[in-house]
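Down below is the structure, laid out as structure tokens.
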Amino acid sequence: MLRFPGFARHIALALVSAGAITVAGTAQADAEPLKVGMSGGYFPFTFVEQDTLKGFEVDVMEAVADEMGTEVAFETANFSGLFGMLESGRIDTIANQITITEERQAKYAFTEPYVYDGAQVVVKKGNETISGVEDLRGKSVAVNLGSNYEQLLRELPYADEIDIRTYESNIEQDTALGRVDAFVMDRVSASQVIKDKPLPLALAGKPFSEIRNALPFRDTDEGRAMRDRVEQALEALREDGTLTEISERWFGTDITRP
């Protein structure tokens with residue numbers, strides 16, 4: 001049976017305060033909600049529209065909480081601060097297209113991947129000097145601060161020839177305005193930005209690195225126990241088709257399977 005998170009069980013309440021937006025379901029008095037951090041600035045996975053938090057990640061985590069029989073509480077912050085919130089116990093996990101890396105695996109307890117994607121170079125439309133990652137030598141390239149894309153670029157054999165710039169936000173706008181030559185994000189998000197936003201942008205070549213995204217938890221007994229509960233819910237949603245339905249609703253294709 002397919003579920004339709006966001007329409008049936010959860011009624012979202014948006015509270016705007018001090019640069020952050022917290023969205024929660026109608027919390028049950030006898031149960032702690034699943035506390036999920038996200039940036040709210042990574043369209044179409046997590047974004048804010050008319051003070052309402054929306055996106056693929058929001059729908060997935062609402063479905064996870066529904067499967068677990070609990071409520072979900074979202075808290076937004078700059079991406080670079082989300083892991084600090086996780087480590088301090090302010091949130092239980094991060095749903096913001098978190099790529100599994102060796103460094104992160106050594107520090108956090110991850111679920112199995114629920115999104116499969118690739119790193120993509122994006123340029124201003126009409127820029128014929130960059131046709132792929134191999135053309136980034138001598139170019140300025142923007143990445144989101146705290147994301148794994150900076151590391152992917154620094155692992156290139158010609159990384160010292162790339163002017164890598166980290167941003168909290170606006171990498172799409174600055175590329176479209178010509179302030180930087182390109183930016184790097186996942187191919188799915190890049191394709192949706194080009195499709196849905198009025199910005200003169202274009203994909204440059206094919207993805208240059210396969211990425212697998214999953215949910216991180218604190219590597220403690222409590223964190224691993226929560227990870228196992230969430231993993232069980234994700235597996236149930238994968239088996240009954242809910243993850244596929246959510247993905248196809250947002251992207252027109254299933255990005256939840258390899």
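The values are calculated or read from the model by the stated rules, or taken from the named source; none is laboratory data. Quantities reported herein were computed from a predicted structural model and do not represent experimental measurements. Neighbour counts run over all protein chains shown; Cβ positions are idealised from the backbone, glycine included.
Condition first: of a type in the set (D, E), within 17 Å of the chain's Cα centre (by Cα) and over 27 Å from P33 (Cβ atoms). Can you find one or more residues in the stretch 84-105 that meet it? Within the stretch 84-105, not a single residue is of a type in the set (D, E), within 17 Å of the chain's Cα centre (by Cα) and over 27 Å from P33 (Cβ atoms). Within the stretch 218-235, the residues that satisfy the criterion of being within 21 Å of the chain's Cα centre (by Cα) and hydrophobic (A, V, I, L, M, F, W, C) are M226, V230, A233, L234. Among the residues of the stretch 144-161, those identified as under 25 Å from the mean Cα position of the chain (by Cα) and assigned to a loop (DSSP other than H, G, I, E, B) are L145, G146, S147, N148, E155, L156. Of the helices (runs of 4 or more DSSP H) entirely within the stretch 163-258, those holding at least 3 residues that are modelled with pLDDT of 95 or more occupy 171-176, 221-239, 242-251. Per the listing F56, F43, the residue uniquely of a type in the set (F, W, Y) and at pLDDT 95 or above is F56. Pairs are defined by a Cβ separation below 7 Å, a sequence spacing of at least 6 or placement on different chains, a first member in the stretch 157-170 that is farther than 25 Å from F79 by Cβ, and a second member that is basic (K, R); the pairs so defined are Y158/R137; E161/R137.
Whenever a residue of the stretch 177-195 is in contact (Cβ under 8 Å) with a residue 12 or more places away in the chain, its partners that are basic (K, R) and in a loop (DSSP other than H, G, I, E, B), lying with C-beta atoms within less than 8 angstrom and at least six residues away or across chains, give the pairs D181/K139; A182/K139. Of the strands (runs of 3 or more DSSP E) lying entirely inside the stretch 67-143, those carrying at least 1 residues that are under 17 Å from S209 (Cα atoms) and not basic (K, R) are 115-124.
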